[in-house]
């Protein structure tokens, strides 16, 4: 075991059933922060958030709200009533939407973090979406992060490859939540921009979101500890 704030590691419950999700939570006794995304939320509904809170777990609601400001504000207020600690909106929704989300959360509510570019995207995808080329993914992420700064959001979501540039541009004004995390040798699956927990630590990530490297491991608890060790020390686990 290591002396490290393990609530900086968010375990992604990217599974399809309530029973499977709660079994993972109960198995990961050292884990205190869990992500509920679109698949699980659509299957189970908001009652799962209540069950996680009853277990004294922190909840990262990753539904990436992206709509007109009034609608997003209503969704954020609903999530706030459920007691989540962090939730996502899309930076591409614009500054007015981001500001409405922050105001709906209120000073005592969850941290609203803006998703910049999904970790599955490569330059060609972004060029197709935005209708211009060439596109620098790093520059685009930094630009979108600037919208979060303008709206006074506390953080953004970005891949490990952009963390240094965000920190260089905005310092500690923004927390960076970093998905696309894999232990060395793990299958990246549909992630195009990914790195190890050690890489994310060295880049300056404030939180990492880890799914299959923990949840699909033969021993999820041991995998969680390996991730925590790597993130705490900035060194990859020994083979």
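Given R₀ = 25 Å, FRET efficiency for residue 50-residue 235 by Cβ-Cβ distance, to 0.05?
That pair, residue 50 with residue 235, gives E of 0.05.
Compute for the range 125-233: radius of gyration divided by Kirkwood radius, i.e. Rg/Rh, restricted to C-alpha atoms, rounded to two decimals. Don't jump to the answer; show the numbers that get you there.
Values: Rg = 15.0 Å, Rh = 14.8 Å.
Radius of gyration relative to Kirkwood radius: 1.01.
Convex hull over the alpha-carbon atoms of the range 1-95: what's its volume per residue in Å³?
104 Å³
When the chain is fully extended, how far beyond the present Cα-Cα distance does residue 67 get from residue 221, taking 0.36 nm per residue of separation? Kindly include the intermediate steps, with their values, before the conclusion.
On the way: separation 154, 0.36 × 154 = 55.44 nm, distance 3.76 nm.
Gain in length upon complete extension: 51.7 nm.
Quickly estimate the mean residue ellipticity at 222 nm for the chain, helices only: each DSSP H run with n ≥ 4 gives -39500 (n - 2.57), and the total goes over all residues, rounded to 500.
-12500 deg cm²/dmol
How far is it, in nm, from the label point at residue 125 to the one at residue 172 when both lie 7 Å from their Cα along the line to the Cβ?
Here the answer is 3.3 nm between the modelled labels.
Just for the chain, what percent of DSSP beta bridges are antiparallel, to the closest 5? Write out the running numbers ahead of the final one.
Details: 0 of 28 bridges.
Bridges in the chain that DSSP calls antiparallel: roughly 0 percent.
For the ranges 69-76, 41-48, what's the packing order if you count other beta-carbon atoms within 10 Å of each residue, average per peptide, and put the highest first? It would help to have the intermediate numbers written out before the result.
Numbers: 69-76: 17.6, 41-48: 14.2.
Highest mean packing first, the order is 69-76, 41-48.
Using the Kirkwood radius over Cα pairs, work out the Stokes-Einstein diffusion coefficient for the range 6-233 at 25 °C and 0.890 mPa s, in µm²/s as a whole number.
On the way: Rh = 17.7 Å.
Rounded, D is 139 µm²/s.
Throughout, read-outs are computed from the coordinates displayed, never taken from laboratory work. Just so it is clear, the model here is predicted, and its values are computed rather than measured. Because the Cβ atoms are built from the backbone with ideal geometry, glycine has one as well, and the counts that use them run over all protein chains shown.
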